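Heads up: the structure comes next, in structure tokens.
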Amino acid sequence: MSNNGNVQNVYIPKSYITDELGGRIADIYDFSIHGGAVGTIELPAEIPDNAVIVGAYVDVLTDPTSGGAATVAIGLNTTTDILAATAIAAVTGVVVAKEQSAAFKLTADRKIQVTIATAALTAGKMAICIDWVGPFDNVVPR
């Protein structure tokens, strides 16, 4: 804020400050724990209803392998809204799965879903990190 070129401090009422306005959540898919059968695996980490997903990335700790042409997808509202079905050859290193320009809102409390399709995995470990803001349902304007 400016007043005749002078910078002023801005008071933010405590009622506007909350730790419930977003964050980062991370969970791990690990073949040795979750298996690699074709299907959808739900991880335990949860993001609240009405949160806005603003970004996501996957840190591939162990490259996924398969005896066939397996794909991996990651989602919340759907099985592919974080990462569309991707051939495992491209799931290596750090994968930017969702950019801020493609933000979307959750329609319920959601857990991370990892979907394996086309062929089973025989190995793999991935840290899935998701950034979100909100939900803003309980913020009271003054």
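What follows draws every value from the coordinates through simple rules; no lab data is involved. As the structure is a computational prediction, the values presented were derived from the model and not from experiment. Cβ atoms come from the backbone with ideal geometry, glycine included; neighbour counts cover every protein chain shown.
Would you mind ranking Tyr29, Tyr57 by Cβ crowding within 10 Å, fewest neighbours first?
On the way: Tyr29 24, Tyr57 18.
With the fewest neighbours first, Tyr29, Tyr57 line up as Tyr57, Tyr29.
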For the pair Thr80/Thr118, report the inter-label distance in nm, with labels modelled 7 Å from Cα in the Cβ direction. 1.2 nm
Residues with beta-carbon under 11 Å from that of Gly93, excluding Gly93: net charge, scoring Lys, Arg +1 and Asp, Glu -1? -2
If every Lys and Arg gets +1 and every Asp and Glu gets -1 at its Cβ, then about the Cα centre region 32-133 yields a dipole, in debye to the nearest 20, of 140 debye
